[in-house]
Amino acid sequence: MHNPVTVEVLRGNLVESRHRGMAVVMDGAGDVVFSAGDVDGGVFPRSACKAMQALPLVESGAADAYGFGDRELAFACASHSGEDAHVQLAASMLAKAGKDVETLECGAHWSSDQKTIIHQARTLEKPSALHNNCSGKHSGFICTCAHTGMETKGYVDYDHPLQAEIRSTMESLTGAAIGHDNCGVDGCSIPTYAIPLKGLAHGFAKMVTGQGLEQARAKASRRLIDACMAQPFYVAGTGRTCTKLMEIAPGQIFAKTGAEGVFVAALPQQGIAMVVKCEDGTTRAAEAMIAALLARYFEKDSSEQQALLSMANRSMKNWNGIHVGDIRVTTRL
């Protein structure tokens, strides 16, 4: 199946580049509300599924035991920019479990955000694992292990009990079979699994509606989703798309990016969730796609819809501030 062109990039009045992609919107009952492209094929969600991976932190009682509030829970679902507040929160979460940066197994890297990396280069000799964009998720993993008595060493390995629990959780939510056959290694060293777009969207729709979930999981799911919407800065950071999307309609939009052109979003009040994947892995296209999809479900000409559409269809300027082209979604979305 050929995926449709979902985003075009214009230079002047001519199309310079085209991005193909797939997209799906699902409700809690598992019904398809909208789809485009091959939504049954397996896709690595990468960091887009972090809210699912954070469920053991809440369900085990670790979050309550360590006194975590919305900031910490949002951060456990984050792909952050490594800003000072992010680094400090990661260290604080670890300290509450009696751990420190040496326990993290996510690796270290500089921020991908230009302003943040300039600040880091001026103030640091080198980044630590606390600066890794996944340090919030990993701090949540470590806290879960510490609280439940699991060994923290090797918590990223496929055979570690925590990763087995995460596999079971994701299978239950998505309906997908998860194991070695559809497993890869993510950038932060944990296992990642190829899941059909429909299954991923249905899983998030279940998280925001509670449909098909046991009461405890439904409660934990909404607690994580609500925390992300309440603290969007700790999900991503200054100027980041996840943060900006959730700030457009506070308490109404959940949004989370993943590497290689994946984006998840949900509208809890409407009981729907959506996932997009840019076929060539380009983030700019995935960001335009998810903003356009979200805009479909807000009142016509409302301030929220207009703000979303301005993110989906935006101009490009060169270093002199001259308008040189546009990014726009196609009619397929």
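Does LYS256 qualify as being in contact with a Leu (Cβ under 7 Å, 6 or more places away or on another chain), in a strand (DSSP E or B), farther than 20 Å from GLN114 by Cβ and basic (Lys, Arg)?
no
So which residues in the stretch 240-253 are out of contact with any Pro (no Cβ under 6 Å at 6 or more places or on another chain) and part of a helix (DSSP H, G or I), if there are any at all?
If the condition is that a residue be out of contact with any Pro (no Cβ under 6 Å at 6 or more places or on another chain) and part of a helix (DSSP H, G or I), then THR241, CYS242, LYS244, LEU245, ILE248 are the ones that fit.
What about SER47, is it under 11 Å from the mean Cα position of the chain (by Cα), in contact (Cβ under 8 Å) with a residue 60 or more places away in the chain and open to solvent by 10 Å² or more (accessible area, probe 1.4 Å)?
Spelling it out, SER47 is indeed under 11 Å from the mean Cα position of the chain (by Cα), in contact (Cβ under 8 Å) with a residue 60 or more places away in the chain and open to solvent by 10 Å² or more (accessible area, probe 1.4 Å).
So is ALA273 open to solvent by less than 70 Å² (accessible area, probe 1.4 Å) and either under 27 Å from GLY210 (Cβ atoms) or touching an Asp or Glu at 6+ places or on another chain (Cβ under 7 Å) (or both) or not?
Answer is yes for this residue.
Can we say GLY140 is modelled with pLDDT of 95 or more, closer than 30 Å to ASP27 by Cα, touching a helix residue (DSSP H, G or I) at 6+ places or on another chain (Cβ under 7 Å) and open to solvent by 40 Å² or more (accessible area, probe 1.4 Å)?
So GLY140 fails the test.
Here are GLU83, GLU72, GLU102: which of them is among the acidic types (Asp, Glu) and more than 18 Å from the chain's Cα centre (by Cα)?
Exactly one residue qualifies, and that residue is GLU102.
Can you find a residue that is open to solvent by less than 30 Å² (accessible area, probe 1.4 Å), out of contact with any Cys (no Cβ under 7 Å at 6 or more places or on another chain) and closer than 19 Å to ALA249 by Cβ anywhere in the stretch 279-287?
Narrowing the stretch 279-287 to residues open to solvent by less than 30 Å² (accessible area, probe 1.4 Å): 281, 285-286.
Adding the requirement that they be out of contact with any Cys (no Cβ under 7 Å at 6 or more places or on another chain) leaves 281.
Keeping just the survivors that are closer than 19 Å to ALA249 by Cβ gives none.
Scanning the stretch 279-287 turns up no residue that is open to solvent by less than 30 Å² (accessible area, probe 1.4 Å), out of contact with any Cys (no Cβ under 7 Å at 6 or more places or on another chain) and closer than 19 Å to ALA249 by Cβ.
Can you name the residue in the stretch 28-44 that is touching a residue at least 12 places away in the same chain (Cβ under 8 Å) and open to solvent by 40 Å² or more (accessible area, probe 1.4 Å) and, of all such residues, is nearest to ALA78 (Cα to Cα)?
Ranking the candidates gives PHE44 first.
Within the stretch 224-261, take every residue that is aliphatic (A, V, I, L, M) and over 22 Å from THR209 (Cα atoms) and give me the one that is most open to solvent (accessible area, probe 1.4 Å).
Here the residue is ALA259.
Among the residues of the stretch 317-333, how many are over 16 Å from PHE263 (Cβ atoms), touching a residue at least 12 places away in the same chain (Cβ under 8 Å) and among the hydrophobic types (A, V, I, L, M, F, W, C)?
Looking only at that region, the number is 1.
Check the stretch 64-82 and report whether any residue there is open to solvent by less than 40 Å² (accessible area, probe 1.4 Å) and closer than 14 Å to VAL275 by Cβ.
The answer is no; no qualifying residue exists.
If the Cβ limit is 6 Å and pairs must be 6+ apart or interchain, which residue in the stretch 302-314 that is polar (S, T, N, Q) pairs with which residue that is assigned to a helix (DSSP H, G or I)?
GLN305/ALA295
What residue, of GLY175, GLY212, GLY187, is touching a Lys or Arg at 6+ places or on another chain (Cβ under 6 Å) and open to solvent by 50 Å² or more (accessible area, probe 1.4 Å)?
Residue meeting the stated conditions: GLY212.
How many residues are free of Cβ contacts under 8 Å to residues at least 40 places away in the same chain, part of a helix (DSSP H, G or I), over 17 Å from PRO56 (Cα atoms) and not aliphatic (A, V, I, L, M) when one looks only at the stretch 118-168?
4
Under 8 Å between Cβ atoms, which residue pairs at least 6 apart in sequence (or on different chains) link something in the stretch 194-214 that is of a type in the set (Lys, Arg) with a partner that is assigned to a strand (DSSP E or B) and open to solvent by 40 Å² or more (accessible area, probe 1.4 Å)?
Short answer, once both residue conditions are applied: LYS198/VAL32; LYS198/SER35.
Would you confirm, using the coordinates I've provided, whether SER112 is modelled with pLDDT under 95 and surrounded by fewer than 18 Cβ atoms within 10 Å (Cβ to Cβ)?
Taking the combined requirement at face value, the residue satisfies it.
Looking only at the stretch 115-128, filter to residues that are in contact with a Phe, Trp or Tyr (Cβ under 9 Å, 6 or more places away or on another chain) and surrounded by 15 or more Cβ atoms within 10 Å (Cβ to Cβ); which one of those is farthest from GLY237 (Cα to Cα)?
Among those residues, the one meeting the criterion is PRO127.
Within the stretch 90-109, which residues are part of a helix (DSSP H, G or I), open to solvent by 10 Å² or more (accessible area, probe 1.4 Å) and not β-branched (Val, Ile, Thr)?
Of the residues in the stretch 90-109, the ones part of a helix (DSSP H, G or I) are 90-96, 101-103.
Pick out the ones that are also open to solvent by 10 Å² or more (accessible area, probe 1.4 Å) and you get 91-92, 95-96, 101-103.
ALA91, SER92, ALA95, LYS96, GLU102, listed by residue number.
Which of the residues belonging to the stretch 10-22 are farther than 14 Å from ASP280 by Cα and either part of a strand (DSSP E or B) or within 21 Å of the chain's Cα centre (by Cα) (or both)?
Scanning the stretch 10-22 gives LEU10, ARG11, LEU14, VAL15, GLU16.
The values are calculated or read from the model by the stated rules, or taken from the named source; none is laboratory data. Everything numeric here is computed off the predicted structure, so don't read it as measured data. Here the Cβ is made from the backbone with ideal geometry for all residues, glycine too, and neighbour counts use every protein chain on show. With ligands, DNA and RNA removed, areas are computed over all heavy atoms of the protein, side chains included. Shrake-Rupley method; radii C 1.70, N 1.55, O 1.52, S 1.80 Å.
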